[in-house]
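The structure appears right after this line, and notes come after that.
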Amino acid sequence: MTITFTPTNNLTLPPAWHRLTPIWQGGEEIIQQSLPHTQLAPAWQLMLLGDGSPTRHLELLTGEAVEVDVIDMSLIGMDLDAAPELIQAVPGPRLRRQVWLRTASGQRLAYATSWWEASHVDEYLQNRSLPIWASLARLRTELYRDVRGIYYGDSLALESGFGVTGPFWGRHYLFWHHGQPLTLIYEVFSPYLTKYLGSMQLSAVNADA
């Protein structure tokens, strides 16, 4: 596939991605220290603050293959796209990708937006219908997942997409490859996962047990 770049000053930006309106948010210091279990239960902390593959975790939890529905692949040029500030670490011009992660049976589990250097995206997403983890695993790409932000907030668009009411937990992180930032990813998880992970927060009694 050949990508043709449009000069930034003539670029018509695509529709917005679905960012949470935060009720609460935390940065690297919070992520390193962990959160009180009354705010975020241990199983949810493993999902949100750990550096393992969320796609693999979702497969292990549900017992199903996790597939993606790609809802947006848009050139955004050098625009910062209302993304986390770390987007500036990803060389431009950039491409934005939005997906739903769902089970093979159709249950949506997570929403993700990622930003890539447009001229190199085809090297890493050779099959764009695969989750990012699956694509990079096939290439035996060595990566480091650097979680930088965590969010608890609302989104009417995600309520509609997940079919459940918020608030939702989300995060953003950089993928590093050979010492260089590869992509910035912003993920939001569906409360449906309480079926497997349990309650998002523990009561004070349970947290102290």
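Screening residue 174 on (1) open to solvent by 20 Å² or more (accessible area, probe 1.4 Å); (2) at pLDDT below 95 shows it passes everything except condition (1). Considering only residues in segment 177-204 that are under 17 Å from residue 101 (Cα atoms) and among the polar types (S, T, N, Q), the one that is surrounded by the most Cβ atoms within 10 Å (Cβ to Cβ) turns out to be 190. Note on segment 147-156: residues that are surrounded by 16 or more Cβ atoms within 10 Å (Cβ to Cβ) and within 20 Å of residue 16 (Cβ to Cβ) amount to 4. Apart from one condition, residue 159 fits all of (1) modelled with pLDDT under 95; (2) farther than 22 Å from residue 46 by Cβ; (3) surrounded by fewer than 19 Cβ atoms within 10 Å (Cβ to Cβ); the exception is (1). Only a single criterion out of (1) under 27 Å from residue 39 (Cβ atoms); (2) surrounded by fewer than 15 Cβ atoms within 10 Å (Cβ to Cβ); (3) hydroxyl-bearing (Ser, Thr, Tyr); (4) modelled with pLDDT of 90 or more is not satisfied by residue 144, namely (4). For segment 58-67, a residue qualifies if it is in contact with a helix residue (DSSP H, G or I) (Cβ under 6 Å, 6 or more places away or on another chain) and crowded, with 19+ Cβ neighbours inside 10 Å, and exactly one does: 66.
Just checking, how many residues over segment 68-88 are open to solvent by less than 40 Å² (accessible area, probe 1.4 Å) and either over 15 Å from the mean Cα position of the chain (by Cα) or farther than 21 Å from residue 193 by Cα (or both)? So the count comes out to 9. Being at pLDDT 90 or above, loosely packed, with under 14 Cβ neighbours inside 10 Å and farther than 22 Å from residue 86 by Cα, is that true of even one residue in segment 15-35? Within segment 15-35, not a single residue is at pLDDT 90 or above, loosely packed, with under 14 Cβ neighbours inside 10 Å and farther than 22 Å from residue 86 by Cα.
The values are calculated or read from the model by the stated rules, or taken from the named source; none is laboratory data. Every value quoted in this text rests on a predicted model; they were computed, and no experiment measured them. So basically every Cβ, Gly included, is an ideal-geometry build from the backbone, and we count neighbours across all protein chains shown. The area values use the complete protein model at the heavy-atom level, side chains included, leaving out ligands, DNA and RNA. Shrake-Rupley method; radii C 1.70, N 1.55, O 1.52, S 1.80 Å.
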